[in-house]
Amino acid sequence: MPVKQTLVGGLRAVELNFRSVRDISSGKTVCYFSRTHLNTPGLGTLMPETFRPAADASGKNKELFNLELLQLSESVRSITEAGRYFNWITLDMPLSILSDRTSGALADKICEQFSLTANSFCFAVAESVLREKNPDLPENVARLRRRGYHVLLYGFGEIECPLIELSRFNFDYVLLHPNITESIGKNERTDIAVNSIINFINELRCEPIADGVKNSTEAEAFYEFGCNFCAGPLSGDYVTVDDLIE
C-alpha cells in the first residue's frame, strides 16, 4: 500500500526544508541537506532536537521515518521536474532506524512508489553513532550503500567525537562540525590540525564536506586542504522546496 501523508490543521505533518552544498571551485550547488519540521495539533511546529527523542520513546520513530521518506520523495520529484541539478538530498536517519535491518527496504518501497532511484537519497547519521558498540551498525551502513543509497556522517570533529572510530564505518561523506571551520586561520597549529583531519577522512576514502563556512577565505582554505565541498552561510540557509525551486 502506498504511504500517505498526514495533515495537521491543513499542513503536512512532516515538512522538509533544504540548504545547499556547494562545490568550492565552481560555486555550483551539487547536493542539498534537508531538515525536518514536525507540525503537531497542540504544540505547533517542532524541530528535530525536540521531536526525535519523543518519537523514540513512544515507538513512533518508524512511522515518522516513513512520512519523512514520503516528503523527501515528493521533494526530489519536484526539484527534478523543475530542472534543478543535484546529486542527492539528505534525510536524517536516527540510530533507532539505522539499527533496523529493514530500513533499506522501507526506502525501496518509497522509491518504487515515486519511480525514483536510490542514489538520489543520502541518509545522514549523527556522529554519536561512533560511540555505539553495536556491531550491526557498520554493517547496516554497508547494506544501505549496497542498495545504492549514499550515507553521510554529520557532526564529525566535535570536542568529544572519537575520531578513530570513523575507521569502523564505510561512509560516503563526512560533514565536518562547524567548530572546525571556526578554527580555520586562527594560527598555524590549528590549520595543521584541520588539514590533518581532512587528510584522515580522505585516506579513509570518504568525501569531507565543510560546514558553517561563512566566507570565501574559509572556503578557499578548505579547498587547499583537500576538501572540495562546503555548506553554511556562504552557501545559503534552509528554505522551503518552493523557494528552492524559484
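The values are calculated or read from the model by the stated rules, or taken from the named source; none is laboratory data. Only a predicted model underlies this, so the values are computations on that prediction, with no experimental measurement involved. Please note: Cβ atoms are built from the backbone with ideal geometry, for glycine as well, and neighbour counts cover all protein chains shown.
Computed quantities for the displayed model
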{"item": "Qualifying positions in region 20-57 - among the hydrophobic types (A, V, I, L, M, F, W, C), touching a helix residue (DSSP H, G or I) at 6+ places or on another chain (Cβ under 6 Å), modelled with pLDDT under 95 and not in a strand (DSSP E or B)", "result": "Ala55"}
{"item": "Residue within region 195-213 that is touching a strand residue (DSSP E or B) at 6+ places or on another chain (Cβ under 8 Å) and either among the hydroxyl-bearing types (Ser, Thr, Tyr) or farther than 20 Å from Val125 by Cβ (or both) present", "result": "yes"}
{"item": "Region 202-226 - residue that is assigned to a helix (DSSP H, G or I) and under 20 Å from the mean Cα position of the chain (by Cα) and, of those, surrounded by the fewest Cβ atoms within 10 Å (Cβ to Cβ)", "result": "Asn202"}
{"item": "Condition check for Asn17: at pLDDT below 85, surrounded by 15 or more Cβ atoms within 10 Å (Cβ to Cβ) and assigned to a strand (DSSP E or B)", "result": "no"}
{"item": "Among residues of region 98-139, those that are free of Cβ contacts under 8 Å to residues at least 40 places away in the same chain and either assigned to a helix (DSSP H, G or I) or among the basic types (Lys, Arg) (or both), counted", "result": "13"}
{"item": "Qualifying position, being without any contact (Cβ under 8 Å) to a residue 60 or more places away in the chain, touching a helix residue (DSSP H, G or I) at 6+ places or on another chain (Cβ under 8 Å), farther than 21 Å from Ser34 by Cα and not basic (Lys, Arg), among Leu176, Leu166, Leu153", "result": "Leu166"}
{"item": "Flag if Glu203 is under 25 Å from Asn87 (Cβ atoms) and of a type in the set (D, E, K, R)", "result": "yes"}
{"item": "Identity of the residue in region 56-72, without any contact (Cβ under 8 Å) to a residue 24 or more places away in the chain and among the charged types (D, E, K, R), that ends up nearest to Glu112 (Cα to Cα)", "result": "Glu63"}
{"item": "Where a residue in region 28-55 is more than 16 Å from Asp92 (Cβ to Cβ) and touching a residue at least 40 places away in the same chain (Cβ under 8 Å) and its partner, wherever it lies, is β-branched (Val, Ile, Thr) and buried (at least 20 other Cβ atoms within 10 Å of the Cβ), with Cβ under 9 Å and at least six apart", "result": "Thr29/Val21; Val30/Val21"}
{"item": "Close pairs from region 213-236: first without any contact (Cβ under 8 Å) to a residue 40 or more places away in the chain, partner in a loop (DSSP other than H, G, I, E, B) and among the hydroxyl-bearing types (Ser, Thr, Tyr), Cβ under 9 Å, at least 6 apart", "result": "Val213/Ser235"}
{"item": "Evaluation of Gly185 against (1) surrounded by fewer than 20 Cβ atoms within 10 Å (Cβ to Cβ); (2) part of a loop (DSSP other than H, G, I, E, B); (3) at pLDDT 95 or above (one fails), failing number", "result": "(3)"}
{"item": "Of residues in region 140-159 being in a strand (DSSP E or B) and aliphatic (A, V, I, L, M), the one farthest from Leu72 (Cα to Cα)", "result": "Leu153"}
